[in-house]
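Down below is the structure, laid out as structure tokens.
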Amino acid sequence: MSEVAPANPLEMVAYNLSRQIEDNQVVYIGTGIPMVGALLARKTHAPNITMVFESGGQDPLEGDMPWSVGCPFTFRKSPMTMEMTASFGQCSVGYVDIAFQGGAQIDMYGNVNTSVIGSYEDVQSLLPGSGGGNDLGSLTEKSVLVGLQTPDRFPEKVDFITTPGYLEGGNSRKEAGLLGGPIAVITQVGVYDFEPESKKMRLIAINPGMDTEMANNLCGFELLVADEIKTIDPPPDDVLEILRNDVDPRGVFITMPA
Amino acid sequence: MSFLYTTEEQFHRLVDFEEAREHHLRKDRTKKDKRLSLQEAVDRFVEDGDIFAETGFAYVRAPIQAYYETMRQGKKNLIGIGSPMSNCSKFMALGLMKAIHLSYIGVEMRGNDKNFGRVIKNKEAEILSLWSHGSMAQGFKAAQLGMPFVASKQLLGSDLAKKNPFVKIMDNPVGKDDSPVCLIPALFPDVCFIHVQKADKYGNAAIEGPVVNDLALAAASRKLIITAEKIVPEHDIRNDADGSIPFWYVDAVAEVPYGALPGCCPGHYYWSREWWERLVRVATPDKEKLQQFLQYWILDCKDQYDHIDKLGGIRFIDEARRQAEAAQLFIDDSTVNYAYEEVKPTDNIIPEE
């Protein structure tokens, strides 16, 4: 028997997120779990990725987990830093391969809300605002959306589109003039993609111990389900040990709340 | 447009290209000693009703001690802008800022700023326009480039564009195809402070580490005050001219060592991470607690040195310096420990001795 404890749901999110990254890609790193997933990718299957950050840090040397996307660890001996406009401009002009995006709400077309629950006229809950989210999601060739899934957090339609996914589905994202688009959604349940014609979210893989019914129960809209659902193998012990001992040794992001 | 707290003139001044140009044209070009104390600089150059831009990156090389002096002097009816602009929440809590152009107010994964939600919900402050970091940054950059607007691929299709009366989406009139673009006007704040590692007495100022939007904002802003960790001889700036701001943009220079505390300043000091966690986790959820917090850390401090005493004095500074230097590999990072105890929502509002 393995002596390594099985992955908790947050660790599964970080692991699946890391698997979205291919070696040698230029990866735009946001705060939190995406940072964990990217660091894990670099320490496992994708050692040659280049990390870039919205505050301007580019390609830092490896160091401690950044406390913020503006942390000195994001520009540790960087060969160059960039102004914010140029750092986002890279996504538009085609020098960034993949970016990650979290949100309080993600809807069936991958639109993301980080602005307000309710409306600005009738605020139920005010969120921090776009930050770089809209920029990355509008421009980057491949976006990966990340969130803990509940019916409220996965509504049919977000209260406010901070970061556009596929808008109303079909061709509407391209018609709006947007570039790239979301390729996957990662939650504690598993991994989703977007069905190529309708651009609706579709379950394609589930985490160990999860099933299609759970995915549906934790979703506020009718989920598409792929013809063949892959069951994700648990992360190998050595990967879990890297995640726990090297990537996030203080458990800031991968410890489940009590 | 109708506003709760903002005049039409204040609203339109943000995009008034001609007026900003006139203001810059009137600026004294003399290369002279522009040093003032921080108190004098705030007194003379921040006016009630100004559009006040945040610089740096919220808590990285941000002129936070200048913000605090502005709060202590009670400059009021300010309009906040910046990319990001997390410190605006404190101005709003003190009733000094009643309107904002919003990109982002928060402390990332440390927690949501509940005060921001409360003041907007209670209509103690209003949001005039909504932006992303990058689109607002493009507005500042357009100003620096002397361009009345830029055409962006950001904001398209979003509800941000619907809640932003300054931007306009149209088909690209000059491209190979007519794929839509979002026109972002040049943005001209009235005043900003920029904190730098070194400046000379004339105002030439050099930034170490990411400049974020500060070169653009230096050119865009009608009034510009440099706060510097240290004043150096002019030839020091000439030797190391990357990321520099020219003296003729600058109205005043204040030497403010530790001027970015409790944020971090590359090359000088790391954050008080606990301070920011205490702010969002303990103070902002409760209006009374936040007032106590701001009283203790800002209003009851005479200057940054009082603030440092409360952070732990020379012990805090020495650890913060070592952490910053190790993060940038100026010293052996294996000798520095980044472990710390995160602040819990149930912790005290004032740290225990």
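The numbers here are math on the coordinates, done by the rules we state, and not lab data. Given the structure is predicted, the values throughout are model-derived calculations rather than measurements. Counting neighbours? That spans all protein chains shown, and the Cβs are built from the backbone with ideal geometry, glycine included.
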Next on the checklist: Taking the number of other C-beta atoms within 10 Å as the exposure measure, put B:LEU160, B:LEU215, A:LEU203 in order starting with the fewest.
Outcome noted: B:LEU215, A:LEU203, B:LEU160
Next on the checklist: Test of understanding: express the Cα radius of gyration of the stretch B:41-148 as a ratio to 2.2 N^0.38 Å, with N the residue count.
Outcome noted: 1.04
Item to check | ³J(HN,Hα), Karplus 6.51/-1.76/1.60, whole Hz, each residue of the stretch A:225-238, x for Gly, Pro | outcome: 10, 5, 4, 10, 9, 8, 9, 6, 5, x, x, x, 4, 5
Checklist entry - If you count, for every residue in B:125-138, the Cβ atoms of partner chains within 10 Å of its Cβ, what is the mean? => result 6
Checklist entry - So, by mean Cβ neighbours within 10 angstrom, what's the order for A:178-187, A:38-47 with the highest one leading? => result A:178-187, A:38-47
Item to check | Local electrostatic count, A:GLU222, Cβ distance below 10 Å [Lys/Arg +1, Asp/Glu -1] | outcome: 0
Item to check | Derived scalar couplings ³J(HN,Hα) [the stretch B:185-196; Karplus, 6.51 cos²θ - 1.76 cosθ + 1.60; whole Hz; x for Gly, Pro] | outcome: x, 4, 10, 10, x, 7, 8, 8, 9, 10, 8, 10
Checklist outcome for this item: Expected integer from the mean partner chain Cβ neighbour count at 10 Å over A:117-125 is 3
Checklist entry - When the dipole is taken about the Cα centre of the stretch B:8-255, and only Lys, Arg (+1) and Asp, Glu (-1) are charged at their Cβ, what size is it in debye, to the nearest 20? => result 340 debye
Item to check | Test item: Cα-centred dipole of the protein assembly as shown, Lys/Arg +1 and Asp/Glu -1 on Cβ, debye | outcome: 1500 debye
Next on the checklist: With the cut-off at 29 Å, tell me which of the pairs B:LYS75/B:LYS141; A:LYS174/B:LYS168; A:LYS142/B:LYS114; B:LYS168/B:LYS198 have Cα atoms farther apart than that.
Outcome noted: A:LYS142/B:LYS114; B:LYS168/B:LYS198
Checklist entry - trypsin sites (Lys or Arg not before Pro), restricted to the stretch B:164-243: which are DSSP loop and have at most 13 other Cβ atoms within 10 Å? => result B:LYS176
Item to check | Dipole of the protein assembly as shown [Lys/Arg +1, Asp/Glu -1 at C-beta], most positive-end residue of B:PHE193, A:VAL189, A:TYR109 | outcome: B:PHE193
Item to check | Surface/4 estimate of mean projected area, convex hull on alpha-carbon atoms of chain B, nm² | outcome: 19.0 nm²
Checklist entry - Okay, helix-only estimate at 222 nm for chain A: each DSSP H run of n ≥ 4 adds -39500 (n - 2.57), divide by all residues, round to 500 deg cm²/dmol; what do you get? => result -5500 deg cm²/dmol
Checklist entry - What Kirkwood hydrodynamic radius, in Å, does the protein assembly as shown give when the mean of 1/r is taken over all pairs of distinct Cα atoms and then inverted? => result 24.6 Å
Checklist entry - Amide H neighbours of A:VAL146 under 5 Å, counting only residues 5+ apart in sequence or on other chains, H built in-plane at 1.01 Å? => result A:GLN101, A:GLY102, A:GLY103, A:ILE186
Next on the checklist: Ignoring everything except DSSP H segments at least 4 long, calculate the 222 nm mean residue ellipticity for chain B; use -39,500 (n - 2.57) per segment, divide by total residues, nearest 500.
Outcome noted: -8500 deg cm²/dmol
Item to check | A:THR81, A:THR162 arranged by Cβ crowding within 10 Å, fewest neighbours leading | outcome: A:THR81, A:THR162
Checklist entry - Using θ = phi - 60° and the Karplus curve 6.51 cos²θ - 1.76 cosθ + 1.60, what whole-Hz ³J(HN,Hα) does each residue of the stretch B:8-19 get, with Gly and Pro shown as x? => result 4, 5, 4, 5, 7, 4, 4, 10, 8, 4, 4, 5
Item to check | Dipole of the stretch A:9-247 [Lys/Arg +1, Asp/Glu -1 at C-beta], most positive-end residue of A:THR150, A:ASN207, A:THR44 | outcome: A:THR44
Item to check | P(r) weight above 22 Å for chain A, C-alpha pairs, percent | outcome: 54 percent
Next on the checklist: Using 0.36 nm times the number of residues separating B:LEU145 and B:GLU19, minus their current alpha carbon distance, what extension gain do you get?
Outcome noted: 43.7 nm
Next on the checklist: With every atom except the alpha carbons ignored, what do you get for Rg and Dmax of the stretch B:120-180, in angstroms?
Outcome noted: 13.8, 48
Next on the checklist: Can you divide the C-alpha Rg of the stretch B:273-335 by 2.2 N^0.38 Å and report the result to two decimal places?
Outcome noted: 1.38
Checklist entry - Could you put A:VAL4, B:VAL174 in order, starting from the residue whose Cβ has the fewest other Cβ atoms within 10 Å? => result B:VAL174, A:VAL4
Item to check | Gaussian network model of chain B, Cα within-10 Å springs - most flexible of B:VAL253, B:VAL181, B:VAL46 | outcome: B:VAL181
Item to check | Gaussian network model of chain A, Cα within-10 Å springs - most flexible of A:ASN207, A:ASN113, A:ASN171 | outcome: A:ASN171
